[in-house]
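Please read the structure below before turning to the comments.
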Amino acid sequence: MSSPHVRTVNVVHALRPGFFHETAIDKRPVDGPVEVGQLGLAGDRQVDSSHGGPDKAVYAYADEDAAYWADQLGREIAPGTFGENLRTSDLDVSGAAIGECWRIGDVLLQVRMPRTPCQNLSLRVGIEGFHLRFNATGRVGALLKVVETGTVAAGDKIAVVERPTHGVTVADLARGPDAAQMRALLESGVPLARNIRAKATRVAARG
């Protein structure tokens, strides 16, 4: 079995017409190494401010989840198709725990939240409402915070260096967590992004 690694590093290729405005979802592989700063990869871009910031600096998507969609849609899901910066192999990205940390060379990344797909994803694949179907599966990939900057390149190994024990994953948050899961997340001591803490507090109060 292969060890977890970066298959491709992807940055914006061209801005495309989006649902409300232009979108930078068209990302494609580039030769590395690529600099990774606190707000993301050199050469990348977020047109919508809601898609960027320190808690959403890097978007990772797994080959294995892409293979699922390739089977479902009957087409290849090339690296960057879903707007991901890192296409990974042999790493359960959507099954990553919130707060999990990955070491890639000198870069340290922390899993902060699931990707929340919008209509631009549906436009990208040419299927109306696909973003809702995408989200419902939980196979959404992870948005990452850059804890330590550096460079990444295709072929770099990925080491999971910290995994919290609260049991709440990226997929859980995407599909809709229950009150017990959100209480466990809040009580875990894991630093949470503001929107995730707000959601966890809101859902936990229902239970």
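The values are calculated or read from the model by the stated rules, or taken from the named source; none is laboratory data. Owing to the predicted nature of the structure, the values given are computational and were not obtained by experimental measurement. Here Cβ is always computed from backbone atoms with ideal geometry, including for glycine, and neighbour counts include all displayed protein chains. Surface accessibility is based on the protein's heavy atoms, side chains included, excluding ligands, DNA and RNA. Shrake-Rupley method; radii C 1.70, N 1.55, O 1.52, S 1.80 Å.
Below are the figures for this structure:
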{"item": "For the chain, size of Cβ-based charge dipole, Lys and Arg +1, Asp and Glu -1, in debye", "result": "640"}
{"item": "Whichever aspartates and glutamates have a C-alpha closer than 18 Å to that of residue 27, once near sequence neighbours (fewer than 8 apart) are set aside", "result": "35, 44, 48, 63, 65, 76, 84"}
{"item": "Rg [Å, one decimal], Dmax [Å, integer] - the chain, C-alpha atoms", "result": "16.1, 49"}
{"item": "Percent carbon-and-sulfur accessible area, the chain, ignoring ligands, DNA and RNA, probe 1.4 Å", "result": "49"}
{"item": "Surface per residue (accessible, 1.4 Å probe) for segment 57-205, Å²", "result": "41"}
{"item": "Mean Cβ count within 10 Å, highest first, over the residues of peptides 89-96, 121-128, 178-185", "result": "89-96, 178-185, 121-128"}
{"item": "Charge context of residue 202, other residues only, Cβ under 14 angstrom, K/R +1, D/E -1", "result": "+4"}
{"item": "The chain - mean residue ellipticity at 222 nm from DSSP helices (-39,500 (n - 2.57) per run, n ≥ 4, rounded to 500)", "result": "-7000 deg cm²/dmol"}
{"item": "Nonlocal amide H pairs with residue 7, under 5 Å, H built at 1.01 Å", "result": "87, 88, 89, 155"}
{"item": "Sites residue 21 and residue 78, calculated FRET efficiency, Cβ-Cβ separation with R0 22 Å, nearest 0.05", "result": "0.35"}
{"item": "Phi to ³J(HN,Hα) by Karplus 6.51 cos²θ - 1.76 cosθ + 1.60 over segment 114-122, Hz, x for Gly, Pro", "result": "x, 6, 9, x, 10, 4, 4, 5, 4"}
